[in-house]
1. Are any residues in segment 102-116 open to solvent by 50 Å² or more (accessible area, probe 1.4 Å) and either in a loop (DSSP other than H, G, I, E, B) or within 12 Å of ligand 2 (Cβ to nearest atom) (or both), and if so, which ones?
2. Just to verify a result, which residue in segment 167-217, among those that are open to solvent by 10 Å² or more (accessible area, probe 1.4 Å), basic (Lys, Arg) and more than 16 Å from ligand 2 (Cβ to nearest atom), is farthest from Ala147 (Cα to Cα)?
3. Just to be sure, is Asp55 crowded, with 18+ Cβ neighbours inside 10 Å and within 23 Å of Tyr178 (Cβ to Cβ)?
4. Collect the residues in segment 79-108 that are over 27 Å from Gln236 (Cα atoms), in contact with a helix residue (DSSP H, G or I) (Cβ under 7 Å, 6 or more places away or on another chain) and of a type in the set (A, V, I, L, M, F, W, C), keeping them in residue-number order.
5. Please tell me if Val9 is more than 17 Å from the chain's Cα centre (by Cα), buried (at least 18 other Cβ atoms within 10 Å of the Cβ) and farther than 23 Å from Gly167 by Cα.
6. Among the helices (runs of 4 or more DSSP H) confined wholly to segment 117-162, which include 2 or more residues that are in contact with a helix residue (DSSP H, G or I) (Cβ under 6 Å, 6 or more places away or on another chain) and within 14 Å of ligand 1 (Cβ to nearest atom)?
7. Does any residue in segment 1-27 that is more than 12 Å from Ile103 (Cα to Cα) and modelled with pLDDT of 95 or more come within less than 8 Å, Cβ to Cβ, of a residue that is open to solvent by 60 Å² or more (accessible area, probe 1.4 Å) and of a type outside the set (Asp, Glu) six or more places away or on a different chain, and which pairs are these?
Amino acid sequence: MLIARDDYVIAQDWQAYRPAEHHTWRRLVARQRSRLPGRAAPDFLAGLDALAILDGGIPDFDRLNDILGKATGWRIVAVPGLVPDDVFFAHLANRRFPVARFIRTPEQMDYLEEPDVFHDIFGHVPMLMNPNFADYMQAYGEGGQKALGLGALKQLSRLYWYTVEFGLIETAAGLRIYGAGIVSSAGEVEFALDSASPHRIRFDLKRVLRTEYKIDDFQANYFVIGDYRELFDLAQQDFTPIYRALENTSDINPGRLLPADELLQRGSGKHHASSRFTKRIL
Ligand code: PHE
Ligand code: FE
């Protein structure tokens, strides 16, 4: 694919999607929707409802942007797939969320290595309708640009992973999912909340910045926030001294517990002890 612009933005070319691709989208939406009640965070579900046009087929990005722009000033832009870190951060810092144009094939319903239009839109856009979360994402883009200059990308990426992609939130009704990588995954929606295997640990910034993650399997630990304000507040902190303090600490393997961890649920570790598969499920 030709990259015409240095921001990697391409035309969505909505007319070019084939009926089979819209069909795949509708199957994915119906499957996830059936699993989300009682599991997805209320804010995620509210965002999803407000984006009513998601049910018809792969949405026209311009129409989605009318709704999203009015809600939080964010918009989505089409890209061919994953973009370089600096490009990604520049988009976020300007309240643009890059979305892959392509959709997975029917054979990839459960297994996909690279985010597609379904993960990017269904997973991420509902939370971008939430004002606190929307501001957090913009700040993350700015923080990413700064982290690149400080050589701290590895640490900051873990924050994105354990919040934006795999975050859980505690509500009065129990734990709920807000992370895009979970809500767009058929298997992980259940695993993240119902499995006895993973640890569910109270979110702690420094702890998360030290914790490695699995990109090819369900997570061995999830971090739980109390509300989105917590994310917004941590974004206001200057991370430079935090990165510096972390230079003298070791990385933490996924699934390992520390004495200082505040555990909501201690996991059995069973899944990762027996799982010989490695697959990324978005
Ligand atoms: N404020 C952080 C810094 O100074 C950046 C950041 C923003 C990190 C939002 C995470 C989320 O580097
Ligand atoms: Fe994602």
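1. Within segment 102-116, Phe102, Thr105, Asp110, Tyr111, Glu113, Glu114 meet the criteria.
2. My answer is Arg176.
3. It is false that Asp55 is crowded, with 18+ Cβ neighbours inside 10 Å and within 23 Å of Tyr178 (Cβ to Cβ).
4. Answer for segment 79-108, where residues must be over 27 Å from Gln236 (Cα atoms), in contact with a helix residue (DSSP H, G or I) (Cβ under 7 Å, 6 or more places away or on another chain) and of a type in the set (A, V, I, L, M, F, W, C): Ala100, Phe102, Ile103.
5. Answer is yes for this residue.
6. 131-150, 153-160
7. Note: pairs meeting the criteria are Ile10/Met1; Ile10/Ile3; Ile10/Ala4.
The values are calculated or read from the model by the stated rules, or taken from the named source; none is laboratory data. These numbers were taken from a predicted model, which means no experiment stands behind them. Note: ideal-geometry Cβ built from the backbone for every residue, glycine included; neighbour counts use all protein chains shown. These accessible areas exclude ligands, DNA and RNA; they are computed on the full protein's heavy atoms, side chains included. Shrake-Rupley method; radii C 1.70, N 1.55, O 1.52, S 1.80 Å.
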